[in-house]
Every structure is written in structure tokens, then in C-alpha cells.
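As C-alpha cells, the structure follows; a few thoughts come after it.
Read-outs: derived from the displayed coordinates by stated rules, not from any lab. For clarity, every value in this text was computed on a predicted model and none was experimentally measured. Positions of Cβ are backbone-derived with ideal geometry, glycine not excepted, and every protein chain shown enters the neighbour counts.
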Amino acid sequence: MNFRKRLLVIITVPLGVCLTLILALFFVGSDMSKKTSQIEKLRGDLLFQTGLTDSLAILNQQAETAKSYEATLQNILPSRDQLIAFPKNIVSIAKQNKFNLNTTLGQGEYQDSEELQQTNFTISGQGSFEGFVVFLKTLENGQYFIKFKTIDIAKQEKDFGLLMTGGVFSF
């Protein structure tokens, strides 16, 4: 019996130690997998934040470049106060093209003083079709940025009648 006990102890102790080591390795390996996943996630977050930082640096550089153009852009469009001359300038352009016009400025759509503004207008007139076409081309290349909402043309005896509505943009 002594032999059996001794054999059992000789087999059981190393087997128990092996099982304990296997369980320990399993738990350590499992924990390492979790830590590896966390490290990979943190590394991805770090790379993303690094990309955001680089993008922000580039945007800051481009913002400085854009500021140098801001004054030029603001000079392209007239101010709201300068729109008072709009009807007079339009009538002058029309007279050069032998087209009779009446122009009225309407209400403006103003949100904020720093944003692009649109002031509505109505133009009615009479003249030759060729004069009208030249007038439109002159407006297209002129100092004002205009958006037409409607253009109505009607034949009136020898000439054409015109009714246009739209908006002129300003700062």
C-alpha cells in the first residue's frame, strides 16, 4: 500500500503543478490579450489625435494665408451703403446701350454685419433686343454680383419690354 501511496503522490504532485501552471498561463494569456486590445485601441486613438493635430496645424497655416485675401474679397463686393449708387449705375449702363430703364431697390436680407447680404431689386425697361443683350453682358462683367430671380421679356411694337427681379450682393 505504501507503494501505491507513493506512486499516487509522485503522479499527483507533478500533475497538480502542471494543472496549476496551465491555469496560470491561461489567465495570464487571457489578460495579455485584453491588454493588447486596449493598447491597440489606445494606439489607434493616438494616431487619430495626431492626425487631427496635424490637420489643425495645416488649417491654422491656411487661415493665415486666407486672412491676407480677406481685404481683397471684401473690396470685390460693395458695402450696403455703396448700394445706394446701384440704381444710378444700372440706368447709366442701360443708357449707354440705348435701353431705357427704371430701377428700384427693395428690402435687403440682412443677418449679420459680417456675412454676405442680398438686397432685392426690380428693373423695368424698354428698348431694342440687341441693347438688352449688351446690357446683360455689361451687367455680367460689371462690379456688382447679381442673382436674377425672374426675367420677363415682351414685344412692344418695335421694341421689347423688360421686367427683371433679383438680388444684388454686398457686405
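So if I average 1/r over every pair of distinct C-alpha atoms in region 120-171 and take the inverse, what Kirkwood radius in Å does that give?
On the way: mean 1/r = 0.0857 Å⁻¹.
Here the Kirkwood hydrodynamic radius works out to 11.7 Å.
Take ASN141 and THR50, extend 7 Å from each Cα along the Cα→Cβ direction, and tell me the distance between the two endpoints in nm.
So the label points at ASN141 and THR50 sit 5.5 nm apart.
Can you tell me the alpha carbon radius of gyration of region 81-170 divided by the globular rule-of-thumb value 2.2 N^0.38 Å? Working shown, then result.
Details: Rg = 13.4 Å, N = 90, 2.2 N^0.38 = 12.2 Å.
Region 81-170 yields a ratio of 1.10.
Which order do PHE135, PHE3, PHE169 fall in if you start with the one that has the fewest other Cβ atoms within 10 Å?
Ascending Cβ contact count within 10 Å gives the list PHE3, PHE169, PHE135.
Using helices alone, what [θ] at 222 nm do you get for the chain, with -39,500 (n - 2.57) per DSSP H run of 4 or more residues, divided over all residues and rounded to the nearest 500? List each step's numbers first, then the result.
Numbers: 3 runs with 98 residues, N = 171.
The helix contribution divided over the chain gives -21000 deg cm²/dmol.
Rg/Rh for region 4-57: what does it come to with C-alpha atoms and Rh from Kirkwood?
Values: Rg = 23.1 Å, Rh = 14.8 Å.
When Rh is taken as the Kirkwood radius, the ratio is 1.56.
Taking only the Cα atoms of region 3-131, how large is their convex hull per residue, in Å³?
On the way: hull volume 30.9 nm³, N = 129.
For region 3-131, the hull spanned by Cα atoms encloses 239 Å³ per residue.
Report the full-extension gain for the segment VAL13 to GLN74: residue separation times 0.36 nm, less the Cα-Cα distance, to one decimal in nm. The partial results should precede the final answer.
Details: separation 61, 0.36 × 61 = 21.96 nm, distance 8.84 nm.
This chain segment gains 13.1 nm when fully extended.
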